[in-house]
1. Give the Rg (one decimal place) followed by the Dmax (whole number) of the stretch 396-543, computed from C-alpha coordinates and expressed in Å.
2. Relative to the first principal axis of the alpha-carbon coordinates of the chain, what is the inclination of helix 524-542, with its axis defined by its Cα atoms, in degrees from 0 to 90 and to the nearest 10?
3. Tell me the relative contact order for the chain as a rounded percent, counting alpha carbon contacts under 8 Å between residues six or more apart.
4. Select from L234, I399, I451 the residue farthest towards the positive end of the dipole of the chain; place +1 on Cβ of Lys and Arg, -1 on Cβ of Asp and Glu, and compute about the Cα centre.
5. Name the residues whose placed amide hydrogens come within less than 5 Å of the amide hydrogen of N200, ignoring near sequence neighbours (fewer than 5 apart) on the same chain.
6. Place a +1 charge on the Cβ of each Lys and Arg in the stretch 164-311 and a -1 charge on the Cβ of each Asp and Glu, then give the dipole magnitude about the Cα centre in debye, rounded to the nearest 20.
7. With the dipole of the chain worked out from charges on the C-beta (+1 for Lys and Arg, -1 for Asp and Glu) around the Cα centre, which of F481, N390, L131 lies farthest toward the positive end?
8. Only Lys, Arg, Asp and Glu count, each charged at its Cβ (+1, +1, -1, -1), so figure out the dipole size of the stretch 352-401 about its Cα centre, rounded to 20 debye.
Amino acid sequence: MSESLKMSFDPATIEHLGVKMYSKLPNAIAELIANAYDADSTVVKIKLYDKGEKKIVVEDNGIGMTFDEVNDYFLRIGRNRRKEGQSQSPSGKRKVTGKKGLGKLSFFGIGNTIEVETIKEKSGKKITFKLDWDELLSTKDRDYQPKFRISDCPKNLKGTNIILKNLQRKTDFDKNELATSISKLFNLFDNKFAVYLSRNDDLPLQIDEKLKYESIEIDFEWQYSSLIAGFDVLYENKEKINGKIIASPKPLKPGLRGITLFANGRLVNAPEFYGISESSHGFSYFTGWLEVDFVDDWEEDVISTHRQSLNWDIPKTMLLQEYLKKLMSHLERVWREKRKEKKKKELNSKTKLNVTNWLNLLPKEIRAKMEPIVETIDEKAELSDEEIANTVQNLHELIPEYPNYHWRHLHQEIREASENDYKNKDYYRAFLEAAKRYINKTRIKSGNEQISESGMMGDVYGRGKALSVTKKYKKPRGGDFSESTKSNIEEGQKFLSMGIVMGGRNPVSHEEIQDLRESDLFSEKDCLDGLSLLSHLMKRLENSENNG
């Protein structure tokens, strides 16, 4: 066993990598958590103190270190444990997250004094030592020798405690904010690795995966495996990726947007959209994570020292980025379809209309103009849900289903007789049924039983005939209309009624429906024109009086 502890360093390197790279509290504490994970800890307790002496205590129940391990591993800067054959934790059940041997410098990013106490499992020995920032920088040679003490302890004790003192931070700690920030740096919290955070010994808060997106309202979410169903883009590691992507119903704040990459449980790329233009409206709604463990197994180290981004300038990462870029485009397309479908359902509920059915029942030329209007109102207009619903309802009143039919403002009797057949596109039958309704109503009101429908119309209507369609009307300022005016209207009712029977009902009723449809001899427009004329005649009949 060596007789002293020794840290080999270049002070300029310590200052650059320690203070500058790990000056943010979450990132520095993340390194302590990662160390505990790599030491097979199952529980880590982070204790913040800002009353009295300001300090941070990190306790773990990992395997701990011997004196030589402290010297050879912990105090050795830049040690690549992977290359030394230590890619697994002591139990062999975890793949270690540390790789570059620089994480220990995170301590000096937030505190000038570091006190370490570690007990190797079953050793019965406790090693205690202190690292001092000012002493380290003032060391004249490259070997900094911190003071230490070795003492006996029960053999059932194990683990490592680290206390950060003389903190550079002056403000009080925000426990909840820190917990959320730490949760975004890892993807390995579970019942086998629990991390707790407390402030001034208050009730500890467990840091888990839920904290990542706790403040985000979820509109849609996709597991990676379901998202790529039917996604035909090829990539050699496509099936090795795992993760979850969330879409919020409202645009997210810039700091919450983007898809994070994790490798072996640790963040390796901060949230982004991997080269795709983020100008599209959809990308302000997305967040989530993807596990790309395979990048940590590549021979070339592609993970940056500060673990905020991959090195995207080498062939392997370029292929990954190109795949992720296409995946993001696919995500946006899938999201737009789901969002469109959901908005239609919500709009149907709010307006009490089947909007899709309504639009489908409009004539092609009207539908082509209406669909973009409704879509713009529903998706792009800065309106409340209530305003959107009211606007669509108003549009529906102006342009209802079968608008050409409704715009005719048909008499109720004519509508009742013709509506079902018209909606079934049986236009000739719609006209026939309406004509029969008019003929029957005329026969009932007049009492005329003549078999010939055209002859009956000639007997019932006309000047001095059974029914008068002008008798009840007077001029607004008093007095009767002239005899010639009344005669013309009475005669017009007669000839129009006889004509609707002779020129419409009789010819149509003797022809095959298919021939009329395919020849366009009796089109939808012909039907509507006929129904309008019948509606006019029915109104006259309804207001007629007996001449007897």
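Laboratory data are not the source of any read-out in this text; all were calculated from the coordinates shown. Fair warning: this is a prediction, and the values are worked out from it, not measured in the lab. All Cβ positions, glycine included, derive from the backbone under ideal geometry; neighbour counts span all protein chains shown.
1. Computed over the Cα atoms of the stretch 396-543, radius of gyration and Dmax are 16.6, 54 Å.
2. Value to nearest ten degrees: 60.
3. Dividing the mean separation by the residue count of the chain yields 10 percent.
4. Ranked along the dipole, the leading option is I399.
5. For N200, whose amide H was placed from the backbone, the distant partners under 5 Å are L48, Y49, D50.
6. 640
7. The Cα lying farthest towards the positive end belongs to L131.
8. 300
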